[in-house]
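What follows is a short report on a single structure.
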């Protein structure tokens, strides 16, 4: 049995320690917002936060996250930075097919928490590990810049 803290809620699961966190979230806890992309931590679709920092859940064994706070896309509406990022995403019409967007948002939120006023280069570097097959990168950058501006003004919409 493994004790986890997911989206502010304590959960107990019974899976092998080496089970990837992604499959625990999706199959055991029913949180399907986090997506499977490549299974090798290369595309970013499976990005979640551990203690506020982005991680790739497809290669992170569940035993490695016991005792840490895990946040998923399902919790971003309750996160002040997550709310602002999601609003900017909608206003900039970032999503096309949408498959990668949960991972993109989780990475963007992590960036803005670590670097509240990122430069274009910092945005590009932080987001470079997230692949969007639809090519919405300019809209992603614009949404992050918009969110950073709003957060600098106190998070006003």
Out of 81, 94, 24, 85, report the one residue that is free of Cβ contacts under 8 Å to residues at least 60 places away in the same chain, crowded, with 20+ Cβ neighbours inside 10 Å, at negative phi and out of contact with any strand residue (DSSP E or B) (no Cβ under 9 Å at 6 or more places or on another chain). 94
Say whether the condition of being under 29 Å from residue 28 (Cβ atoms) and part of a helix (DSSP H, G or I) is met by at least one residue in the range 87-96. yes
Mind listing just one residue for me: the one in the range 37-65 that is on the phi > 0 side of the Ramachandran plot and under 14 Å from the mean Cα position of the chain (by Cα) and, of those, surrounded by the fewest Cβ atoms within 10 Å (Cβ to Cβ)? 51
In this structure, does residue 63 turn out to be outside the structural domain of residue 134 (by TED's automatic domain parsing) and part of a helix (DSSP H, G or I)? yes
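The values are calculated or read from the model by the stated rules, or taken from the named source; none is laboratory data. Being a predicted model, the structure only gives us computed values, none of them experimental. Ideal geometry is used to build each Cβ from the backbone, glycine not excepted, and the neighbour counts take in all protein chains shown.
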